[in-house]
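Colleague: The structure is given below, and queries will be raised subsequently.
The values are calculated or read from the model by the stated rules, or taken from the named source; none is laboratory data. For clarity, every value in this text was computed on a predicted model and none was experimentally measured. No Cβ is skipped: glycine too gets one built from the backbone with ideal geometry, and neighbour counts run over all protein chains shown. Note: areas computed on protein heavy atoms with side chains; ligands, DNA, RNA excluded. Shrake-Rupley method; radii C 1.70, N 1.55, O 1.52, S 1.80 Å.
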Amino acid sequence: MCLGVPGRIVLRDRDMGVADFDGLRREVCLSYVPEARPGDYVIVHVGFAISLVDEEEARRTLEVLRAIPGGLDEVSR
Amino acid sequence: MRYLDEYRDPVLARRLIGRIRAAATRPWSIMEVCGGQTHTIVRQGIDELLPVRMIHGPGCPVCVTPLETIDRALAIAARSEVIFTSFGDMLRVPGSTTDLLSAKARGADVRVVYSPLDAVRLAVANPGRQVVFFAVGFETTAPANAMSVLKAAAQHVPNYSILVSHVLVPPAMVAIMESASVDAFLAAGHVCAVMGWREYEPLAARYRVPIVVTGFEPLDLLEGILMAVCQLEEGRHTVENQYARAVRRTGNLPAQAAVRRVFRVSDQVWRGIGPIPASGLVLAPEFAAYDAGLRFGVAGTGAREHPGCIAGQILRGTKTPPECPAYRSLCTPRRPLGAPMVSAEGTCAAFYNAGRPAGQERS
Ligand code: SF4
């Protein structure tokens with residue numbers, strides 16, 4: 001039950017809405033993300049959006065990770 | 001899928017592992033608190049590639065729900081007027097004598113729901129029955145369970161109630177800090193998405209341990225481990241946030257407000273660990289009418305754990321599943337002896353599903 005997954009809001013009707021999880025659409029309660037709009041990504045837990053994904057922060061994290069040099073310290077599995 | 005695949009890139013994972021290997025001068029002990037993180041670490045074999053020792057924490061709500069509470073759930077589910085609803089992963093958790101799935105096979109009306117709001121709907125659709133929802137979990141599910149009570153109250157649904165067994169993560173971390181030797185913690189990202197991380201700041205200072213709020217994908221975990229190792233190597237002990245895309249320092253304020261309205265903090269028994277002060281939630285007095293425990297007057301009597309199960313040591317991180325004599329022989333996911341073998345988030349199930357052999361002790 002602890003799995004939270006990112007979904008994209010496709011529809012919002014007051015505190016309920018529909019989110020898309022890679023093609024699978026599910027009803028989500030949006031009461032706890034009053035600022036979320038269609039197109040936004042939210043983390044969904046047991047049918048509730050508990051957090052709005054901050055796209056700017058997501059981009060920054062990936063930039064940091066991609067900036068790590070490869071080469072000599074590459075580890076083979 | 002967006003915000004998942006990018007954080008699973010194997011090339012970047014290898015580079016992060018290289019970074020951690022270069023940074024760590026000692027085999028630091030780092031505990032990941034959340035069972036979802038344990039699952040990723042063990043399945044990906046991350047722990048076997050690192051120069052640090054990953055300790056698997058108590059973060060599986062299925063595993064720490066007290067045996068007495070499972071027995072109470074079984075007593076309620078056995079009543080003919082009751083539709084007992086639950087998240088799927090609670091059905092196979094062994095009580096003293098049986099589990100909810102076996103009760104269902106014997107005719108009890110036990111149904112799996114995806115969200116507690118589905119249980120409220122079921123109550124509206126079945127006014128002649130009593131619908132009970134098994135409200136378990138950490139801070140992540142508490143806002144959902146609170147909302148189901150608020151909706152039932154607003155819509156005057158008299159035949160809905162919840163059997164509450166909610167646990168709070170920070171008090172359990174304190175209990176571990178007091179008893180085990182853990183050098184740093186990866187805090188559970190989704191618990192922090194709800195609660196923020198302000199609660200952890202005094203803990204990091206008092207126990208002088210780095211705490212890194214960490215996400216769930218392989219790159220999240222590796223970056224969280226790297227951040228923890230860097231703090232340890234530099235002698236720092238602060239709270240840092242690896243999972244910035246989903247977690248803010250103050251957490252989710254509307255969700256916290258709903259939880260505060262519906263629940264009160266209470267002492268709580270953790271299965272396998274024992275009582276921890278102020279580590280659980282119970283319904284607030286004004287919502288006592290929705291308390292299934294009161295409504296059905298059930299009391300657990302003579303709850304008994306399987307004598308061969310060492311779940312307490314597993315949940316505290318002092319033993320690993322291969323050190324349990326029952327692991328893979330008497331105890332498998334098909335026939336679990338203890339709760340950590342049931343849910344995919346349980347440490348024993350994570351080891352089993354990753355094919356880790358029995359009888360091996362990790363150094
Ligand atoms: S392997 Fe089974 S018996 Fe052993 S600690 Fe885990 S759940 Fe308990």
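Colleague: For A:Val33, indicate whether it is out of contact with any Lys or Arg (no Cβ under 9 Å at 6 or more places or on another chain), without any contact (Cβ under 8 Å) to a residue 40 or more places away in the chain, under 24 Å from B:Phe133 (Cβ atoms) and among the aliphatic types (A, V, I, L, M).
Modeller: Criteria met by A:Val33.
Colleague: Here's another thing I want to ask about it. Every residue in the stretch B:88-112 that is of a type in the set (Gly, Ala, Ser) and more than 17 Å from the chain's Cα centre (by Cα), please.
Modeller: Residues satisfying the conditions are B:Gly95, B:Ser96, B:Ser102, B:Ala103, B:Ala105, B:Gly107, B:Ala108.
Colleague: Please specify each residue of the stretch A:16-25 satisfying the condition of being at the interface with another protein chain (Cβ under 9 Å from one of its Cβ atoms) and surrounded by 15 or more Cβ atoms within 10 Å (Cβ to Cβ).
Modeller: A:Phe21
Colleague: Which condition number does A:His45 fail, the rest of (1) open to solvent by less than 20 Å² (accessible area, probe 1.4 Å); (2) closer than 28 Å to B:Val62 by Cα; (3) more than 8 Å from chain B (Cβ to nearest Cβ) being met?
Modeller: (3)
Colleague: Can you name every residue in the stretch B:31-53 that is part of a strand (DSSP E or B) and crowded, with 24+ Cβ neighbours inside 10 Å?
Modeller: B:Met31, B:Glu32, B:Val33, B:Cys34
Colleague: Evaluate the stretch B:57-70: report whether one residue or more is touching a residue at least 40 places away in the same chain (Cβ under 8 Å), closer than 29 Å to B:Arg245 by Cα, open to solvent by 10 Å² or more (accessible area, probe 1.4 Å) and within 14 Å of another protein chain (Cβ to nearest Cβ).
Modeller: For the stretch B:57-70, residues touching a residue at least 40 places away in the same chain (Cβ under 8 Å), closer than 29 Å to B:Arg245 by Cα, open to solvent by 10 Å² or more (accessible area, probe 1.4 Å) and within 14 Å of another protein chain (Cβ to nearest Cβ): absent.
Colleague: Which condition number does B:Gly189 fail, the rest of (1) over 30 Å from B:Val11 (Cα atoms); (2) within 11 Å of another protein chain (Cβ to nearest Cβ) being met?
Modeller: With (1) over 30 Å from B:Val11 (Cα atoms); (2) within 11 Å of another protein chain (Cβ to nearest Cβ) applied to B:Gly189, the lone miss is (1).
Colleague: Out of (1) surrounded by fewer than 22 Cβ atoms within 10 Å (Cβ to Cβ); (2) within 14 Å of chain A (Cβ to nearest Cβ); (3) out of contact with any Lys or Arg (no Cβ under 9 Å at 6 or more places or on another chain), the odd one out for B:Phe87 is which?
Modeller: (1) is the only condition that B:Phe87 fails.
Colleague: Quick check on this structure: which one of B:Glu305, B:Glu286 is closer than 30 Å to B:Arg260 by Cα and acidic (Asp, Glu)?
Modeller: B:Glu286
Colleague: While we're on this one: When only residues in the stretch B:318-363 that are buried (at least 18 other Cβ atoms within 10 Å of the Cβ), more than 10 Å from the ligand (Cβ to nearest atom) and closer than 20 Å to B:Arg271 by Cα count, which is nearest to the other protein chains (Cβ to nearest Cβ)?
Modeller: B:Glu345
Colleague: Please count how many residues of the stretch B:247-261 are in a loop (DSSP other than H, G, I, E, B) and within 9 Å of another protein chain (Cβ to nearest Cβ).
Modeller: The qualifying residues number 4.
Colleague: Using the structure shown, decide if B:Ile273 is open to solvent by 20 Å² or more (accessible area, probe 1.4 Å), on the phi < 0 side of the Ramachandran plot and within 16 Å of the ligand (Cβ to nearest atom).
Modeller: Judged against the criteria, B:Ile273 is a match.
Colleague: Assess whether B:Ala257 counts as being within 18 Å of the chain's Cα centre (by Cα) and either surrounded by 24 or more Cβ atoms within 10 Å (Cβ to Cβ) or over 22 Å from B:Gly57 (Cβ atoms) (or both).
Modeller: Against the criterion (within 18 Å of the chain's Cα centre (by Cα) and either surrounded by 24 or more Cβ atoms within 10 Å (Cβ to Cβ) or over 22 Å from B:Gly57 (Cβ atoms) (or both)), B:Ala257 does not qualify.
Colleague: Do the conditions hold for B:Val149, that is, is it farther than 21 Å from B:Ile70 by Cβ and β-branched (Val, Ile, Thr)?
Modeller: Considered against the rule, which asks whether it is farther than 21 Å from B:Ile70 by Cβ and β-branched (Val, Ile, Thr), B:Val149 comes out as yes.
Colleague: Got a number for residues in the stretch B:177-190 being open to solvent by 10 Å² or more (accessible area, probe 1.4 Å) and touching a strand residue (DSSP E or B) at 6+ places or on another chain (Cβ under 9 Å)?
Modeller: Here the count works out to 5.
Colleague: Out of all the residues in the stretch B:90-104, is one or more open to solvent by 10 Å² or more (accessible area, probe 1.4 Å), under 27 Å from B:Met173 (Cβ atoms), in contact (Cβ under 8 Å) with a residue 12 or more places away in the chain and in contact with a helix residue (DSSP H, G or I) (Cβ under 8 Å, 6 or more places away or on another chain)?
Modeller: yes
Colleague: Related question: Pull up the stretch B:207-246, narrow it to residues that are among the charged types (D, E, K, R) and within 14 Å of chain A (Cβ to nearest Cβ), then point me to the one that is most open to solvent (accessible area, probe 1.4 Å).
Modeller: Among those that are among the charged types (D, E, K, R) and within 14 Å of chain A (Cβ to nearest Cβ), it is B:Glu240.
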